[in-house]
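The values are calculated or read from the model by the stated rules, or taken from the named source; none is laboratory data. Just so it is clear, the structure is predicted and the values come from calculations on it, not from any experiment. Backbone-built Cβ (ideal geometry, glycine too); neighbour counts: all protein chains shown.
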Amino acid sequence: MKEKKLIAFDLFDTCFDLPQANISYKKLFSALGILERRRELKKILLTSRKSMEEILSEFLPHQDIQSHLATYNENIRNEVDSVCLYPETLSVLSDLKNKWYELAAVSNLAVPYIQSLDRLLPHTFHYEILSSDVGVCKPDVKIFDCLKNISWYHSDEILMIGDDLNSDVQWAKNAGIDPVCIDRKSLWIRYHKDYISISSLEKLLEIL
């Protein structure tokens, strides 16, 4: 593997732990009878700065949604407050910066969860490519274009770390980036045909 200069990280299930991911959204969509449109709505949430109230007002212009929104807002606050770092996250990111790697956050992140990034990892990443800012989600290769344009690194100088085989591993491969998949159920570093898998971020220091 060619020497890397920029290490890009997915956030949730890679750096952050969120035990009840998307529960608040699903409860709200179910209560409003639009659960079957959750993928469409979730994509809007992930790729825009619109609030849930703005989005629902467009989808359900004649429906009273305020009581449902009040419950949702309370649930989402509790959910966001529950986000925590995996035990090794801070030390690994610090070690990488001390070794002169630049770091990027590349994440499908709805607006409420940006609070978690600001609270848990303030001023940690040299570059933040968030879907709600750039208007597209992984695995859209346009996110890589955003990362490349803002960092000035070529694809072979970047390493992508994430937990999802589609939106992290395959996305990186499609963009010519070497991927590393984090699989916390495993105990080993595994060398697959097209990518490496590791059991924790600590193992990243062993393969670089």
Test for residue 11: is it of a type outside the set (S, T, N, Q) and touching a Ser or Thr at 6+ places or on another chain (Cβ under 7 Å)
yes
Using the structure shown, decide if residue 76 is outside the structural domain of residue 138 (by TED's automatic domain parsing), over 26 Å from residue 153 (Cα atoms) and crowded, with 17+ Cβ neighbours inside 10 Å.
yes
Do you know which residues across the stretch 60-72 are surrounded by fewer than 16 Cβ atoms within 10 Å (Cβ to Cβ) and touching a residue at least 12 places away in the same chain (Cβ under 8 Å)?
60, 63, 71
Looking at 127, 101 in this structure, which one is in contact with a Ser or Thr (Cβ under 7 Å, 6 or more places away or on another chain), assigned by TED's automatic domain parsing to the domain that holds residue 197 and surrounded by fewer than 19 Cβ atoms within 10 Å (Cβ to Cβ)?
127
Going through the stretch 59-74 in order, the residues found to be at pLDDT below 90 and part of a helix (DSSP H, G or I) are 59
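Let's see how each residue does on (1) in a helix (DSSP H, G or I); (2) touching a helix residue (DSSP H, G or I) at 6+ places or on another chain (Cβ under 9 Å); (3) surrounded by fewer than 21 Cβ atoms within 10 Å (Cβ to Cβ); (4) free of Cβ contacts under 8 Å to residues at least 40 places away in the same chain:
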position: 122; (1), (2), (3), (4): no, no, yes, yes
position: 137; (1), (2), (3), (4): no, yes, yes, no
position: 185; (1), (2), (3), (4): no, no, yes, yes
position: 188; (1), (2), (3), (4): no, yes, yes, yes
position: 194; (1), (2), (3), (4): no, yes, yes, yes
Which of the residues belonging to the stretch 19-42 are touching an Asp or Glu at 6+ places or on another chain (Cβ under 7 Å) and assigned to a loop (DSSP other than H, G, I, E, B)?
20
Single unsatisfied condition, residue 22 versus (1) modelled with pLDDT of 90 or more; (2) touching a helix residue (DSSP H, G or I) at 6+ places or on another chain (Cβ under 8 Å):
(1)
Is it the case that residue 112 is in contact with a helix residue (DSSP H, G or I) (Cβ under 6 Å, 6 or more places away or on another chain), buried (at least 16 other Cβ atoms within 10 Å of the Cβ), closer than 19 Å to residue 11 by Cα and at pLDDT 95 or above?
no
Hey, could you check the stretch 27-56 for residues that are among the charged types (D, E, K, R) and surrounded by 14 or more Cβ atoms within 10 Å (Cβ to Cβ) and say which is farthest from residue 136 (Cα to Cα)?
27
Contacts under 6 angstrom Cβ, first residue in the stretch 160-179 being at positive phi, partner hydroxyl-bearing (Ser, Thr, Tyr), 6 or more apart
176/155
If you take the residues in the stretch 150-175 that are buried (at least 18 other Cβ atoms within 10 Å of the Cβ), of a type outside the set (Asp, Glu) and part of a helix (DSSP H, G or I), which one is farthest from the chain's Cα centre (by Cα)?
151
Test set (1) at pLDDT below 95; (2) buried (at least 21 other Cβ atoms within 10 Å of the Cβ); (3) not in a loop (DSSP other than H, G, I, E, B) - residue 180 fails condition number:
(1)
Of the listed residues (147, 96), the one being farther than 18 Å from residue 18 by Cα, buried (at least 20 other Cβ atoms within 10 Å of the Cβ) and hydrophobic (A, V, I, L, M, F, W, C) is 147
